[in-house]
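Chemist: Just passing along the structure, written as structure tokens.
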Amino acid sequence: MPSSHFNKPIKVEVVPQDPAWRYAFESESKQIALVMAENIVAIHHIGSTAIPSIYAKPIIDFLIEVKDINKVDEQSDAMVALGYEAMGEFGLIGRRYFRKYSSPDIRTHNVHIYEVGSPEIKRHLAFRDYIIAHPEDAQKYSELKRELANKYPRDIESYMDGKDEFIKEIERKALSDF
């Protein structure tokens, strides 16, 4: 998709957990693994679609660990051939970010790629694992996401800002346990 998505309002919708998300993750992971080839270390399912029983935006998030982040730039064309938009670091130094849409305003996949050893990897996995292990916090997160989606149905920035404090608090707890 063209870069016209930068400032386009995206519908903010959270829906009940869908078992098809795991299949979509596994299926897409195989394609991404072929693209990343020998550079790949691991592919993790992150984000709310990876957390059982909570509401989520129906967007599959991938966290990919690679041996050499610079080699990902050489693989960008192959990711574009899979339907992804290459976004470069997209505001986070040391990351490569790709996103995929099923239509101009419906994003289906986010791919976050970091070099093995990046603290971002630990942060994302700690959050996911903590939320899975603490169902009461998972439900609080789910309720917050639903409230924010209802309050900001066309304002992804406000939706994200509304989750920020909760996410940082969970990350603090998660990293102390990790």
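The values are calculated or read from the model by the stated rules, or taken from the named source; none is laboratory data. Nothing here was measured: the structure is a model prediction, and the numbers come from that model. Note: ideal-geometry Cβ built from the backbone for every residue, glycine included; neighbour counts use all protein chains shown.
Chemist: Considering only residues that are of a type in the set (D, E, K, R) and modelled with pLDDT of 95 or more, which ones fall in region 79-116?
Modeler: GLU85, GLU89, ARG95, ARG96, ARG99, LYS100, GLU115
Chemist: Now a separate question. Identify the residue in region 1-33 that is among the aromatic types (Phe, Trp, Tyr) and modelled with pLDDT of 95 or more and, among all such residues, is surrounded by the fewest Cβ atoms within 10 Å (Cβ to Cβ).
Modeler: Here the answer is TYR23.
Chemist: If I ask for residues that are of a type outside the set (Lys, Arg), more than 18 Å from the chain's Cα centre (by Cα) and either exposed (fewer than 14 other Cβ atoms within 10 Å of the Cβ) or not in a helix (DSSP H, G or I) (or both), which ones from region 34-73 would you list?
Modeler: Hits for region 34-73 are LEU34, ALA37, GLU38, ASP68, ASN70, ASP73.
Chemist: Based on this model, can you work out whether SER76 counts as over 14 Å from TYR97 (Cα atoms) and either of a type in the set (Asp, Glu) or at pLDDT 95 or above (or both)?
Modeler: No; evaluated as a whole, the condition is false for this residue.
Chemist: Which of the strands (runs of 3 or more DSSP E) contained wholly in region 74-119 include at least 3 residues that are among the hydroxyl-bearing types (Ser, Thr, Tyr) and surrounded by 20 or more Cβ atoms within 10 Å (Cβ to Cβ)?
Modeler: none
Chemist: In region 159-172, which residues are closer than 18 Å to TYR55 by Cα and surrounded by 12 or more Cβ atoms within 10 Å (Cβ to Cβ)?
Modeler: TYR159, MET160, ASP161, GLY162, LYS163, PHE166, ILE167, ILE170
Chemist: Any chance region 152-160 includes a residue that's in a helix (DSSP H, G or I), within 22 Å of GLN17 (Cβ to Cβ), at pLDDT 95 or above and of a type outside the set (S, T, N, Q)?
Modeler: Yes, because at least one residue in region 152-160 is in a helix (DSSP H, G or I), within 22 Å of GLN17 (Cβ to Cβ), at pLDDT 95 or above and of a type outside the set (S, T, N, Q).
Chemist: Another question, if that's okay. For HIS124, indicate whether it is under 21 Å from ASP68 (Cβ atoms) and part of a helix (DSSP H, G or I).
Modeler: yes
Chemist: Name the residues in region 47-94 that are in contact (Cβ under 8 Å) with a residue 60 or more places away in the chain and either touching a strand residue (DSSP E or B) at 6+ places or on another chain (Cβ under 6 Å) or farther than 23 Å from ARG123 by Cβ (or both), would you?
Modeler: Result: GLY47, SER48, LEU63, GLU85.
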